[in-house]
Amino acid sequence: MLRKAHDTISLVANQSDNAILFHSATGKDSIALLDLMHPHFSHVYCVYMYTVKGLSYVEKYIQYAERKYPNITFLQVPHYAMTKDLRREYMGAKKLKTKRSYNLADIDERIRYKTGAQWSFYGFKKNDSMNRRLMLNSYGEIPICHSTKKAYPLADWSNADVLKYIKVNHLIEPVKYGKGMSSGENERDIDFLMFCKQSHPNDYQKIINQFPMSEQIVFEHEYKQKQEVS
């Protein structure tokens, strides 16, 4: 499994001395994959897609990575979902009429144009979902799509495999929201919202400022908890 991941990365490294990694900053798959990739390339461009810009706990993870790996650069861009959400006042967000919508492929193309890198890496795994399993299985033994120049070294890993790699290599622990692992910033996810409210109140306020209806989700959750106690 580990050997296969290195073989996948090496195959790309033989064709390019730099690469793009779509990196969630705080998630386990991104933390492990960056550690696997960095020795193979002269430079890795880590693309972090944010929904709320400048969350302090996210910035700490980005700074950790930049200190640990001198051959990386983080590029922060709005999450492609935001370009749709801000056009329809999603969760009370201020509507932006002139902003065009993007998808992940659009962002990938823009980053390639900006950096000159031709290959992109993703931390997708077969056990993430049925759709990802079907997609990754279609690439054969080595999880690379040569036509789009995209690579998926963690395709055959389990969540336990990723966490074991992080522990064995003494990497920073991924963020946990509630009892589960981080699945990214989601302004509708009560575990994410309560994590921010309880541990990072300034970040929580940034979320509420951008998505006012998130506060209603928290209010209803806390009210329900009080009712259950009483």
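Quick note: the coordinates plus some simple rules give every number you see, no bench work behind them. Since this is a predicted model, take the numbers as computed values, not measurements. Cβ placement follows ideal geometry from the backbone for every residue including glycine, while neighbour counts extend to all protein chains displayed.
From Cα pairs below 8 angstrom and at least 6 apart in sequence, can you work out the relative contact order of the chain, rounded to a whole percent?
Relative contact order, the chain: 23 percent.
So if R0 is 35 Å, what FRET efficiency would HIS43 and GLN205 give, r being the distance between their Cβ atoms, rounded to the nearest 0.05?
The formula returns an efficiency of 0.45 here.
With θ taken as phi - 60° and the coefficients 6.51, -1.76 and 1.60, list the Karplus ³J(HN,Hα) couplings across the stretch 140-150 in order, rounded to whole Hz; mark glycine and proline as x.
Per residue, the Karplus-derived 3J(HN,Hα) values read x, 5, 9, x, 10, 9, 5, 5, 9, 6, 10 Hz.
For LYS167, which aspartates and glutamates qualify as cross-link partners when the Cα separation must be under 19 Å and same-chain residues fewer than eight apart are set aside?
Candidates past the 8-residue exclusion: ASP29, ASP35, ASP156.
May I ask which of LYS60/LYS206; LYS114/LYS176; LYS114/LYS149; LYS53/LYS179 have a Cα-Cα span longer than 27 Å here?
Flagged as over cut-off: LYS114/LYS176.
Counting Lys and Arg as +1 and Asp and Glu as -1, what is the net charge of the other residues whose Cβ lies under 10 Å from the Cβ of GLN76?
0
Show the residues, 5+ positions off or on another chain, whose built amide H is closer than 5 Å to the amide H of HIS79.
Residues meeting the amide H criterion: TYR50, THR51.
Evaluate the relative contact order of the stretch 124-230 (contact order divided by residue number), counting alpha-carbon pairs under 8 angstrom at least 6 apart; express in whole percent.
Reported relative contact order: 14 percent.
In the chain, what percentage of the DSSP-assigned beta bridges are antiparallel, given to the nearest 5?
Among the beta bridges of the chain, antiparallel pairing accounts for roughly 20 percent.
Of PRO174, PRO70, PRO212, which is the most mobile in a GNM of the chain whose springs link Cα atoms less than 10 angstrom apart?
Per the Cα network of the chain with a 10 Å cutoff, PRO70 tops the list.
Could you work out [θ]222 nm for the chain from helices alone, using -39500 (n - 2.57) per DSSP H run of at least four and dividing by all its residues? Round to the nearest 500 deg cm²/dmol.
Taken over the chain, the calculation gives -14000 deg cm²/dmol.
Figure the gain on full extension for VAL168 and GLN15 (residue separation times 0.36 nm, minus the Cα-Cα span) and round it to one decimal in nm.
Residue separation times 0.36 nm, minus the Cα-Cα distance, leaves 52.1 nm.
So how much slack lies between GLU59 and GLU141, counting 0.36 nm per residue of separation and subtracting their Cα-Cα distance, in nm?
25.9 nm
Amide H of LEU21 versus every other amide H placed in the peptide plane: which residues, excluding those fewer than 5 positions away on the same chain, fall under 5 Å?
TYR45, CYS46, VAL47, PHE121
Classify the chain as rounded, prolate or oblate, taking a ≥ b ≥ c as the square roots of the eigenvalues of its Cα gyration tensor: rounded when a/c is under 1.5, otherwise prolate if a/b is larger than b/c and oblate if not.
Because a/c hits 1.5 or more and a/b exceeds b/c, the chain counts as prolate.
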